[in-house]
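Visitor: Got a structure for you, written out below as structure tokens; questions coming shortly.
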Amino acid sequence: MSDELIQIETPFAFNEENQRAFDALIGRYPVKEAAMLPTLHLAQRQAGYITPAVMKYVAEQLEVSVMKVKDVVTFYPMFFEEPVGEYVIRVCHTLPCALQDCQVVLEHLKEKLGTDVASETNLAKGTTADSKFTLMKVECLASCDVAPVIMINDDLYKNLTPEKVDEILDNL
Amino acid sequence: MAEEKRILYEHLDVPDINTFDVFRQYDGYTRFEKAIAEYQPEDIAKMVMDSGLKGRGGAGFSTGLKWSFVPKDIKPCYLCCNADESEPGTFSNRYVLEKNPHLLIEGILICCYAMGIETTYVYIRGEFTLGKKMLDAAIKEAYEKGYLGKDVRGTGLNIDIYTHPGAGAYICGEETGLIESLEGKRGQPRNKPPFPAVEGVFGKPTVVQNVETLCNLPFIVGNGVEWYTQMGPTYADTRSDPPTPDPNTGTKLYCISGDVNEPGVYELELGLTSTELIEVAGGLRGEEVKAVIPGGSSAPILTHYELDTRLDFTSLTLAKSMLGSGGIIVMNETRNIVDCLLNIMKFYAHESCGQCTPCRWGTPWVRDIVQRIADGNGRKSTITRPKFGVAENGRWGDTGETEEIYEDLDLLESVANNIANVDTMTWNTICVFGIAVSWPAVSYMRKFRPEFEAAIREGKLVTLSVAEATVPPEENYAYQQRFVPKEFADL
């Protein structure tokens, strides 16, 4: 990532609330770099996704190279490098959910939202035209007893059927 | 019918047990108070050793033994609580975090006291937003009540607990991967040795324990070792003379999902069989059990011939499988094993951290082979190779017989065994993720070979009846020699 690229992006800085949260975080670890994951979570919550400007800012705050931040961002599936919809819908499709027909739920969501499933390298593929939803498949969400499950942003929805999915989407 | 024995989960459904005051009404923190009032740190470590508590996270390593490896003279020492519950089929930690977080804090306090630890990091997987919120609130309360922070309860102990969110990587549940991730790097596991007990997070001695293991500590301290060891079987390890006790003590939070009527977490004494467990979980949904995965998706599968295998650490190891994290997935006669394996292999191909070549390239390769078989394009050939015997002309020579080779099945086994060899139990990767891939791949294929062969032969997925699909134990080396371990008390 070259410096020119970073400069054309809108610069990023924590807002007051996140700055306070960040200051509290940094005191927890003997080295600043260790606060990487929680800091990126804060930044992503504020900026929507991790832009090069965010990476540069986080790198400055943690006193590491931008490359190290990029290294971490590309490793973890929960960090997005592309814009995502207002609601990120994560559909679990690992074995226990698959045994309870998560495929039906996924197909229903695809049809209802009129979008494909996002892949990790192409989030736009799973994002609706109005940027309201991003549909993606994820691995086990550790709720196999109430399968099939989906997560919409921070909330878990259990024992789904196409009818329940309709109800949930209508109430968002 | 086996009865539930709720200890960790006893007060789980009490309303507001997540608050300090209600937890306090149910003996909350009295076990920690007992520990600091009546015992020296060494006594606690000895109690844990004597209780035979085994790590509940997957490896089943003795907790007391792990603690004994930590050097006493290097400070600071850290505790990492592993709440990165990502193994498919496992979901018991989620309920502890969301409903009874103070129990975990009490367990952490006891561990910190025993080991002289001042800082604990609870590594919670990123998707557990509610669990993290509840634990954070409980930690805040514990600070306010003086159970955390400087000079805890006037004892001079300083104990801090911090939560650290993960970001969706399965491999961070591996202890050294967790440590790397905690240090703010990619969660790629480290070579062992040095073991984390000697050189862990920030280069200091580190104890890594699962949530469930830590939650056992208050009860061991509160009710005593004798009470604890009465639960679960203690086997005799006859490899040494005289035999040494091999404890499988305590209860286990069995997470049962798949084709049962009432899936959920059931807390039972260790050592009951799959048949009993299915009965506890409301019985089988369907006609017949086709297969049971005993310890999360990385555990080798059990067939209907092995339903009498006791689900504890020792018995399952002898059955060439493992209890792992206790995530039990039941499949009935309608399930296709090829399809199930494909799902699991997709999971591992996605979750490989990419550090070691055999795993980085091997996992997608195995997935592609299974995908090919499932799509009906599995490779098979009929080959003629010299097969020596008495030929038609009555003389010794090539008999001209042909042999049918399922190339893809041989390839599958070969690729999987080159990530990690399940027969010799050696792996060509840094961490045990390698064996977690080849265990299911090879065991499914060996135990349900007819179903794989049928898929290749017919060019589509064919679900055979349970009897037809399963290879009987007599014909197959995927099974152990089946003997029932003898209880120590019987000797």
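The values are calculated or read from the model by the stated rules, or taken from the named source; none is laboratory data. Quick caveat, the model's predicted, so the values are computed rather than measured. So basically every Cβ, Gly included, is an ideal-geometry build from the backbone, and we count neighbours across all protein chains shown. SASA here: full protein model, heavy atoms, side chains in, ligands and nucleic acids out. Shrake-Rupley method; radii C 1.70, N 1.55, O 1.52, S 1.80 Å.
Visitor: Based on DSSP H runs of at least 4 residues, each adding -39500 (n - 2.57), what is the mean residue ellipticity at 222 nm of chain B after dividing by all its residues, to the nearest 500 deg cm²/dmol? Display every interim value, and only then the final one.
Guide: Working: 18 runs with 186 residues, N = 491.
Theoretical 222 nm ellipticity from helices: -11000 deg cm²/dmol.
Visitor: In square nanometres and to one decimal, what's the mean projected area of the convex hull around the Cα atoms of chain A?
Guide: That works out to 11.2 nm², a quarter of the Cα hull's surface.
Visitor: Dividing the alpha-carbon Rg of the stretch B:1-51 by 2.2 N^0.38 Å yields what? Could you put the intermediate results ahead of the total?
Guide: Values: Rg = 14.4 Å, N = 51, 2.2 N^0.38 = 9.8 Å.
Scaled against compact globular proteins, the figure is 1.47.
Visitor: Binning at 5 Å from 0, report for the stretch B:20-230 what percent of all alpha-carbon pair distances ends up in each bin.
Guide: Computed distribution, short to long bins: 1, 7, 16, 21, 22, 18, 11, 4, 0, 0.
Visitor: From the phi angles alone, apply the Karplus equation (6.51, -1.76, 1.60; θ = phi - 60°) to the stretch B:146-162 and give each ³J(HN,Hα) in whole Hz, x where the residue is Gly or Pro.
Guide: Per-residue couplings from phi come out as x, 8, 9, x, 7, 6, 4, 6, x, 9, x, 7, 10, 10, 10, 10, 10 Hz.
Visitor: A follow-up question, please. Longest segment of chain B with no chymotrypsin sites (Phe, Trp or Tyr not before Pro) in a DSSP loop having at most 11 other Cβ atoms within 10 Å?
Guide: B:1-476
Visitor: Sticking to Cα atoms, compute the Rg of the stretch B:168-217 to one decimal and its Dmax as the biggest Cα-Cα distance, whole number, in Å.
Guide: Cα-based Rg and Dmax for the stretch B:168-217 come out at 11.0, 31 Å.
Visitor: Still on this structure: Roughly how big is the A-B contact, given as buried accessible area in Å² (both sides, 1.4 Å probe, nearest 100)?
Guide: Buried area (both sides, nearest 100 Å²): 3700 Å².
Visitor: How well do other chains shield peptide A:91-104, expressed as the mean number of their Cβ atoms within 10 Å of each residue Cβ?
Guide: The shielding value for this peptide is 6.
Visitor: In addition: Determine Rg/Rh for the stretch B:338-462; Rg is computed over alpha-carbon atoms and Rh is the Kirkwood hydrodynamic estimate from the same atoms.
Guide: 1.11
Visitor: Another question, then. Mind listing P(r) for chain B? All alpha-carbon pairs, 20 Å bins, whole percents.
Guide: With a bin width of 20 Å, the distribution comes to 22, 53, 21, 4, 0.
Visitor: Per-residue mean of other chain beta-carbon atoms within 10 angstrom of the beta-carbon, peptide B:327-335?
Guide: 2
Visitor: Rg to Rh ratio, the stretch A:87-171, alpha-carbon atoms and Kirkwood radius?
Guide: Taking Rh as the inverse mean 1/r over Cα pairs, Rg/Rh reads 0.93.
Visitor: Right, next: To two decimal places, what compactness ratio does the stretch B:206-340 give when its Cα radius of gyration is scaled by 2.2 N^0.38 Å?
Guide: Details: Rg = 16.0 Å, N = 135, 2.2 N^0.38 = 14.2 Å.
Ratio of Rg to 2.2 N^0.38 Å for the stretch B:206-340: 1.13.
Visitor: Thinking of the stretch A:3-75 as a set of Cα atoms, what percent of all their pairs are more than 17 Å apart?
Guide: Percent of Cα pairs beyond 17 Å in the stretch A:3-75: 37.
Visitor: Can you tell me which aspartates and glutamates have their Cα less than 16 Å from the Cα of B:K380? Leave out same-chain residues fewer than eight positions away.
Guide: B:D368, B:E403, B:E404, B:E407, B:D408, B:D410, B:E413, B:E451, B:E453, B:E458
Visitor: Please give me the summed charge of the neighbours of B:T251: other residues whose Cβ is under 13 Å from its Cβ, Lys and Arg +1, Asp and Glu -1.
Guide: My count for the surroundings of B:T251 gives -2.
Visitor: What's the average, rounded to a whole number, of partner chain beta-carbon atoms within 10 Å of each residue's beta-carbon in A:155-167? Mind showing how you got there, number by number?
Guide: On the way: counts 2, 6, 0, 0, 0, 0, 0, 0, 0, 0, 0, 0, 0.
That works out to 1 on average.
Visitor: Could you tell me which of the pairs B:K75/B:K150; B:K5/B:K290; B:K34/B:K133; A:K158/B:K290; A:K158/B:K252 are separated by over 21 angstrom between their Cα atoms in the structure shown?
Guide: In this structure, B:K5/B:K290; B:K34/B:K133; A:K158/B:K290; A:K158/B:K252 lie more than 21 Å apart at Cα.
Visitor: Pop out the carbon and sulfur fraction of the accessible area of the stretch B:288-348 as a percent, whole number, probe 1.4 Å.
Guide: With neighbouring chains kept in place, the figure for the stretch B:288-348 is 53 percent.
Visitor: Would you mind computing the Rg to Rh ratio of the protein assembly as shown from its alpha-carbon coordinates, Kirkwood style for Rh?
Guide: 0.98
Visitor: Roughly what angle does helix B:41-51 make with the longest principal axis of chain B, taking Cα atoms, 0 to 90 degrees, to the nearest 10?
Guide: It works out to around 30 degrees.
Visitor: Which net charge results for the neighbourhood of A:N159, defined as the other residues with beta-carbon distances under 15 angstrom from its beta-carbon, given Lys and Arg at +1 and Asp and Glu at -1? It would help to have the intermediate numbers written out before the result.
Guide: Working: positive: A:K158, A:K164, B:R285; negative: A:D101, A:D145, A:D155, A:E163, A:D166, A:E167, B:E262.
Every neighbour counted, the sum reads -4.
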